[in-house]
Structures are given as C-alpha cells and as structure tokens.
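Here the structure comes first, spelled out in structure tokens, and everything after it is commentary.
Every number in this text was worked out from the coordinates using simple rules, so none of it is lab data. Quantities reported herein were computed from a predicted structural model and do not represent experimental measurements. With ideal geometry, Cβ positions are generated from the backbone for all residues, glycine too; neighbour counts draw on all protein chains shown.
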Amino acid sequence: MARPRAFDDETALDAATDCFWRAGYGATSVRDLGAAMGLNAPSLYNAFGDKHALFTRCLDRYLDGNMRARIRRLESTLPPRAAIERFMEEIVARSLADPRGCLLVNTALEVAPHDAAVAEVVAARLGELEGFFHRCMVAGQREGSIAPSRPARDVARLMVTTIMGLRVLARAHPEPALLRGAARQALSLLDPPATERTA
C-alpha cells in the first residue's frame with residue numbers, strides 16, 4: 001500500500017514559487033527547491049516531476065492567484081472601462097511594492113527565449129491577458145465609455161505591451177511618477193482621437 005504524503009502540496013508549491021520568483025529559473029537548483037519545500041530530491045521528483053514540470057506548475061499557480069484572479073474580480077465588479085483603468089492602477093501599485101517583479105514577465109525574459117515549451121506557456125498566458133483587455137474594449141465601445149474608433153484588438157495588445165513594459169521598468173527604475181505617467185498615456189487611448197474631439 002502506498003504511503004501517505006507527509007507534506008502539503010499547496011505549501012510546497014508556494015515555497016517553490018517563491019524560490020523561482022526570487023532567484024529565477026536558471027539560478028534555482030533542485031537542491032534549493034528541496035530545501036525550501038522540505039523535500040529530498042526523490043520525493044520532489046515523485047510528487048512534482050522534474051524542475052521544468054515543477055516550474056510550469058508554479059507559474060500556473062502564480063497566475064491563478066494573481067492575473068487570473070484580478071481579471072475575474074475586475075470583470076465581475078466593474079464596468080469595462082473602469083476594469084481596464086483599475087487593472088493598470090493595480091499593476092503600477094504592485095510593481096512599486098514588490099521588487100521581485102512579475103513572475104510571468106521574468107519568465108518571458110529569462111526562460112522563454114531558450115525554452116520553446118515555456119515560450120508557449122508564456123504566449124498562452126499573455127493571450128489570456130489580451131483577451132481580458134479585448135473583451136473590455138468591445139464592451140466599453142458598445143456601451144459608449146470607450147471611443148468606438150479605436151481598434152479594439154490593437155489597443156488590447158498595446159495594453160499588454162504596456163503592462164510588460166511597466167513590470168520591467170519597475171525592476172530597474174521604480175519611480176512612481178514615471179510608471180503612472182506611462183500608464184496614463186496608454187489609458188488615454190480609450191478616449192477619442194483629438195481630431196474627433198474637436199470636430
């Protein structure tokens with residue numbers, strides 16, 4: 001009969017996520033992970049697979065508790081334009097508060113260029129973020145809070161690009177006015193172009 005596990009999966013995954021988040025994928029060894037998770041190497045492999053499999057699981061867990069949770073909360077509680085604006089505000093605040101940055105963005109920079117499987121995961125997750133912005137754009141244009149002349153798909157992609165840029169910028173230069181100014185310029189694309197406002 002199989003012996004019951006003597007550890008909690010959720011606690012172990014949280015510890016592994018923190019390791020990857022602080023040190024990065026490449027600099028985190030299986031020994032580091034085992035020490036943080038309270039597992040020896042055989043137990044770690046038996047429970048979670050190799051380092052790559054564990055990392056992918058940690059990344060998904062991180063996104064479930066951060067990006068996906070934020071999207072669900074904002075879409076269910078705010079009008080479309082306000083959801084976009086609040087998302088951007090929260091990203092700026094989070095970027096200034098946490099020097100580790102965003103695990104997804106860190107992964108896009110460090111791991112994805114050298115690992116096709118991780119690159120696919122990153123692309124899919126960024127697609128989820130684009131989907132959120134696109135849904136809000138379309139709904140906001142339908143209700144009149146967002147300029148209908150703005151191409152919804154293009155603006156959604158620019159919002160994703162802005163989020164990525166803010167997260168990277170905050171790691172090197174966490175200046176509130178700089179980040180808020182960049183976010184403000186991106187959000188200005190929700191308004192009609194100047195030519196439409198003066199026509």
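Note on L178 and V30: their simple-model spin labels are 4.0 nm apart, each label 7 Å out from Cα toward Cβ. Rg and Dmax, both from the Cα atoms of the stretch 9-58 and both in Å, are 9.2, 24. The fewest-to-most ranking of T161, T107, T56 by surrounding Cβ atoms within 10 Å reads T161, T56, T107. Listed values for the stretch 161-176 are Karplus-derived 3J(HN,Hα) couplings in whole Hz (6.51 cos²θ - 1.76 cosθ + 1.60, θ = phi - 60°), namely 4, 5, 4, 4, x, 4, 5, 5, 4, 5, 5, 9, 8, x, 9, x, and x replaces Gly and Pro. Among G140, G38, G131, the residue with the largest mean-square fluctuation in a Gaussian network model of the chain, with springs joining Cα atoms closer than 10 Å, is G38. Going by neighbour counts of Cβ atoms within 10 Å, the residues I71, I84 line up, fewest first, as I71, I84.
Spacing of the modelled spin labels on R94 and R22, each 7 Å from Cα toward Cβ, amounts to 2.1 nm.
Note on the stretch 59-199: along the principal axes its Cα atoms extend 49, 29, 28 Å, ordered by decreasing extent. For the stretch 19-30, putting each phi into the Karplus relation 6.51 cos²θ - 1.76 cosθ + 1.60 with θ = phi - 60° gives couplings of 4, 4, 5, 6, 9, x, 5, x, 7, 9, 8, 4 Hz, in residue order, rounded to whole numbers and with x for Gly and Pro. Considering only P174, L190, L158, the residue lying farthest towards the positive end of the dipole of the stretch 104-199 is L190, judged by Cα position with unit charges set on Cβ.
How big is the gap, in Å, between the Cα center of the stretch 94-117 and the Cα center of the stretch 149-174? Their Cα centres are 15 Å away from one another.
Here the Gaussian network model covers the chain, with springs between Cα atoms less than 10 Å apart; of P80, P176, P42, P42 fluctuates the most. Across the stretch 71-82, rounded Karplus estimates of 3J(HN,Hα) from the backbone phi angles (6.51 cos²θ - 1.76 cosθ + 1.60, θ = phi - 60°) give 4, 4, 5, 6, 5, 8, 10, 10, x, x, 5, 4 Hz, Gly and Pro being marked x. Across the chain, the mean sequence separation of Cα contacts (distance under 8 Å, 6 or more residues apart), normalised by length, yields a relative contact order of 21 percent. When Y45, Y62 are arranged by Cβ crowding within 10 Å, least crowded first, meaning fewest neighbours, the order is Y45, Y62. The charge dipole of the chain, taken about its Cα centre with unit charges on the Cβ of Lys, Arg, Asp and Glu (plus for the first two, minus for the last two), comes to roughly 260 debye. Largest GNM mean-square fluctuation across R31, R167, R57, computed for the chain with C-alpha springs under 10 Å, falls on R31.
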